[in-house]
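The values are calculated or read from the model by the stated rules, or taken from the named source; none is laboratory data. Small disclaimer: the values here were computed from a predicted structure and weren't measured. Backbone-built Cβ (ideal geometry, glycine too); neighbour counts: all protein chains shown.
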Amino acid sequence: MTTSHHAPTGEGRMSEQRMATRERSYAFTGNRADTEAGSADYWRERSRIVLTPVAAPSILGLFGFFFATLIVGTNMAGWWGTPADLVLTFPVAIFLGGVAQFLAGMWSYKARDGAATAIHGIWGGFWMAYGLYNLFVAVHVLPPVTPPKDVGFGFWFIAIAAITIMVAFANLGSSLGLFAVSGPLGAGSAFAAAGFVGGIHWCLVVAGWLFVAAAAAALYAGSAMMLREAYGRTILPTGEWKAAANIPGREAAEPIEFEGGMPGGRAGQ
């Protein structure tokens, strides 16, 4: 009798490799049941994560947001000028509300902060679009927004209100300080959408006041983060859901650093 032997297929080779890896794990631990039951712990104990030190990106994002939103919000609330005067705010909208905040959103990826990535990325893009639009209006390429009713511009705020409100719910799970920014911002965007789509002037005024409230909260939240990093302890309460972050003088976190190292090797420069 002759016996034929066939080379294992690609799928068979993969199965053999998985079995060999599993057997090596059994041999290493000496306990087959423990290895199978605690495989996540097994690999977690033998894995390394390499992190690159990064300052809180939202410090820049919140300050850039404060600058642009305060100017536009106070105009909408009737504190100064007319809507036509907003055309001249395009440099602030593009570079501070836009570029600075968008960069903060991209750096938030490295900080593994999804909510910050969303809010800074979306609002940074919004402010850049708003600033470019006003630049084209200033050079007479595009027609200006005509409040109180401008349905097309109102749909800008419908979209950004929906995103901002979702971010506000996310912030509520981690920090009341950040919720104080995104909550009024989402509500203000909704009122702005209603005002522009429906031609309702008082909705635009309410939106302006809510934008001013969001800007003030952003200035506070950004300052609280910056002071905590500068002094190594809580100076202004941040609103996070832990006592150390809200009691002045307490250390909310202990940075991993080389005390005498170069910038990046220790916290700060």
Residue set Leu172, Leu176, Leu142; condition surrounded by fewer than 21 Cβ atoms within 10 Å (Cβ to Cβ), under 23 Å from Leu88 (Cβ atoms) and in the same structural domain as Phe67 (by TED's automatic domain parsing); output residue Leu142
Looking at Pro143, Pro91, Pro147, which one is in a helix (DSSP H, G or I), more than 30 Å from Ile235 (Cα to Cα) and in contact with a helix residue (DSSP H, G or I) (Cβ under 8 Å, 6 or more places away or on another chain)?
-> Pro91
Mind checking which pairs have a first residue in the range 125-146 that is without any contact (Cβ under 8 Å) to a residue 12 or more places away in the chain and at positive phi and a second that is buried (at least 17 other Cβ atoms within 10 Å of the Cβ) and assigned to a helix (DSSP H, G or I), Cβ under 7 Å, 6 or more apart or different chains?
-> none
Residues located in the range 45-66, provided they are assigned to a helix (DSSP H, G or I) and at pLDDT 75 or above | Ser58, Ile59, Leu60, Gly61, Leu62, Phe63, Gly64, Phe65, Phe66
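Per-residue answers, yes or no, for (1) surrounded by fewer than 22 Cβ atoms within 10 Å (Cβ to Cβ); (2) outside the structural domain of Pro184 (by TED's automatic domain parsing); (3) modelled with pLDDT of 95 or more:
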site: Leu70; (1), (2), (3): yes, no, yes
site: Gly73; (1), (2), (3): no, no, yes
site: Ala84; (1), (2), (3): yes, no, no
site: Leu88; (1), (2), (3): yes, no, no
site: Ala100; (1), (2), (3): yes, no, yes
site: Gly105; (1), (2), (3): no, no, yes
site: Ala116; (1), (2), (3): no, no, yes
Quick check: anything in the range 203-215 over 19 Å from Phe66 (Cβ atoms) and aromatic (Phe, Trp, Tyr)?
-> no
Return the only residue of Ala170, Ala159, Ala187 being without any contact (Cβ under 8 Å) to a residue 12 or more places away in the chain and not in a loop (DSSP other than H, G, I, E, B).
-> Ala159
Enumeration of residues in the range 179-203 that are in contact with a Lys or Arg (Cβ under 8 Å, 6 or more places away or on another chain) and buried (at least 24 other Cβ atoms within 10 Å of the Cβ) = Phe196
Among the candidates Ala218, Ala253, single out the residue that is within 30 Å of Met166 (Cβ to Cβ), out of contact with any strand residue (DSSP E or B) (no Cβ under 8 Å at 6 or more places or on another chain), surrounded by 13 or more Cβ atoms within 10 Å (Cβ to Cβ) and modelled with pLDDT under 95.
-> Ala253
